[in-house]
Structure formats: structure tokens, C-alpha cells
């Protein structure tokens, strides 16, 4: 679990810093006054001013932040040419969207690296049937079968060994275990001689150009799938069928990260890509306190032809933030109960 916590802290720092870097670079591009770029969260350890921007290093290693002049204090910003509020609406939209864009780019890059280095191919057990030979000897879902790289090869071998005593080499949590079992001769329908569900994992190594293309396709398809899942979850709220069972919080992410860490570097990079793309999708949702919510307020400003009341926007973002915190607490409690 400790390795999971360490990697989660590293991942969060990378993801948030990349997100804030997007805001930072586009703010600079449009000539805004960027007052501070913080590495980590306060309290501040030390800082150094380079040019007009202060770069601070803070005690809490959870990402970072960017402070753009006029982004929060609209009244003060209206009197300064380099204030965020004085940008055209389309320019403000780009600055806000840039964080999401950079998270997508990070996910794309991470997936491209995975395709470039490849993943070890293996057969992984996904399900254990009740009263099956696999259950009787203690084989578990998530175990990786050694000596086989394709499910059809493994299934053929098991069928040839029906009624015979065999030894299966299993990898679990980085350890190699041996299990003695006997595949059934006449198994129940749709259960197989061993009584397990199987899946092929791993990727063949590709050349750099093909890796970037596959990374882009995979990232785009995953973003679409995440949007569909969130839409289904939200729709479930209105029909009384919403469920958080498929939603994972910090504790669940720590557990998944620890498992990925035992599999190798490429699996950790793949997990980083998944989290980065999930963060991009969630942040673009039109909900207060998220970048998507602020883009939604810009759309309202464009339609009505004037700025929103700063206090109204601040109140909406505060309420949205409180709701997100409560939702995270509920998901964390669910993760604890599941453990």
C-alpha cells in the first residue's frame, strides 16, 4: 500500500502541474501578468522571482497552482491592461481550456510511450466460478498465468489435461506460486474445465510513428467512453438508478496503483494515461468550480453581452467545490467499506 501512496502523490503532482502549465503558457501567450506559479501547495518553503513571475516551492506535494492577475478579483482587473478579465472572451476560453488540453496531451503521450515499449503479453484470470477446481485450490481473480501468452493456447492445454493432475504456475503480487489442480472432464455449461474467466493482456511493441497514432486513437476512444459513462451516471440520478459502485476514489486509486507498480513501469505509465484522461473529461464538465463550469459562465456572458456578477460566480463556484468535496468523501467511505 505504501508504494501505491507514493506513486499516487507523484501522479497527482504530475497531473496537476501539467494542467496548471497549460494555463500558465497560454496566459503568457496572451500577455497576461502571471503573478505566481506554485509547485506544491502552501505553506510556502521558499520562492524566487524571475522576471515578473514568482516561482514558489511549497510544503504539500500535491500538484501546484497558477495565480493570474485579475482572474479572481474582477474589479481590480478591469483597470489593468494585462488582467485576465480584460481579455476577449475567446482568449479567456482558451486559457481556461488549456489545462484540459494539456491533460489530454499527457494522456496521449503516456499511451504512445506504452505502445512504443510494449507490455508483456500474458493470460490473466478475471473470474472464478463457484465450486470449480480453481476455487478449490485458491486461485484468485487477477492472477496471471505463467508460461502462456494467449487464452486460446491455455484453453487448449487445459482441455487436453482433463482428468489429469497438473501444476499451474501463477504470478500474484510479484510472487510465483504453484497450484496443483485437476481440470474437470464434464464441466458445467459455460464454465470450462478449470472454471475460470480469462483475458489476454499486453501490447506488442510498435515503431514510434505508429505508437503516436495508436496513442491518439486510444486516447480519443477512451475520452468518448468516459463521457458515455459519466452521462449514464448522471442520467441515473434522474431515474433513481444512480450508483457509485463503478466510481473509484483516492483509496481505490492507491490500491490500483500499488497493483500496477508490481507489474512494471509500463503499466504505471498506462495508469497515468488513464487518470490524466479521466481528469481532462471531468474538468471540462459544465459544473461550477471546474474549468468547464467557468467556460459555461463565459458562454452565458457571451449570450447576455455583459459580465456576470463576480459575487454570483464566486458563490456558485464555492457551492460547486463543497459538493465535489462531499462527493469525494462519500466515494472514499465507499472505498473503505469495500476494503
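Observations on the structure shown:
- Order of 166, 300 - criterion: other Cβ atoms within 10 Å of each residue's Cβ, fewest first: 300, 166
- For the chain, a Gaussian network of Cα nodes joined below 10 Å ranks 163, 320, 293 by mean-square fluctuation, and the top entry is 163.
- At R0 = 35 Å, FRET efficiency that the Cβ-Cβ distance of residue 169 and residue 117 yields, to 0.05: 0.90
- For the listed peptides 284-292, 55-63, a ranking on the average number of other beta carbons within 10 Å per residue, highest first, reads 284-292, 55-63.
- Relative contact order (%) - criterion: Cα under 8 Å, at least six apart; region: the stretch 119-203: 42
- Helix 291-304 axis, angle to the chain major axis (alpha carbon atoms, nearest 10°): 40
- DSSP beta bridge pairing in the chain, given as percent antiparallel to the nearest 5: 90
- Distance histogram in 10 Å bins (all Cα pairs of the chain, percent per bin): 5, 19, 27, 23, 14, 7, 4, 1, 0
- Choice from 185, 125, 329 showing the highest fluctuation, given a GNM over the chain with Cα pairs closer than 10 Å: 185
- Extension gain, residue 321 to residue 57: 0.36 nm times the residue separation minus the Cα-Cα distance gives 92.6 nm.
- Of the peptides 13-20, 195-202, the order by per-residue mean of other Cβ atoms within 10 Å, starting with the highest, comes out as 13-20, 195-202.
- For the options 174, 142, 305, a Gaussian network treatment of the chain with springs between C-alpha atoms closer than 10 Å singles out 305 as fluctuating the most.
- For the chain, the longest principal axis of the C-alpha atoms and the axis of helix 89-117 are separated by about 30°.
- Listing 90, 213 from fewest to most neighbouring C-beta atoms within 10 Å gives 90, 213.
- Helix 265-284 axis versus longest C-alpha principal axis of the chain: approximately 40°, rounded to the nearest ten.
- Global geometry of the stretch 111-238, whether rounded, prolate or oblate, following the gyration tensor of its Cα atoms and the 1.5 cut on a/c: oblate
- Sequence of 113, 68 once ranked by neighbouring C-beta atoms within 10 Å, starting from the fewest: 113, 68
- Relative contact order %, the chain, counting alpha carbon pairs below 8 Å whose residues are six or more apart: 18
Every read-out reported here was derived from the displayed coordinates using simple, explicitly stated rules and does not represent laboratory data. Quantities reported herein were computed from a predicted structural model and do not represent experimental measurements. Cβ: placed from backbone, ideal geometry, glycine included. Neighbour counts: every protein chain shown.
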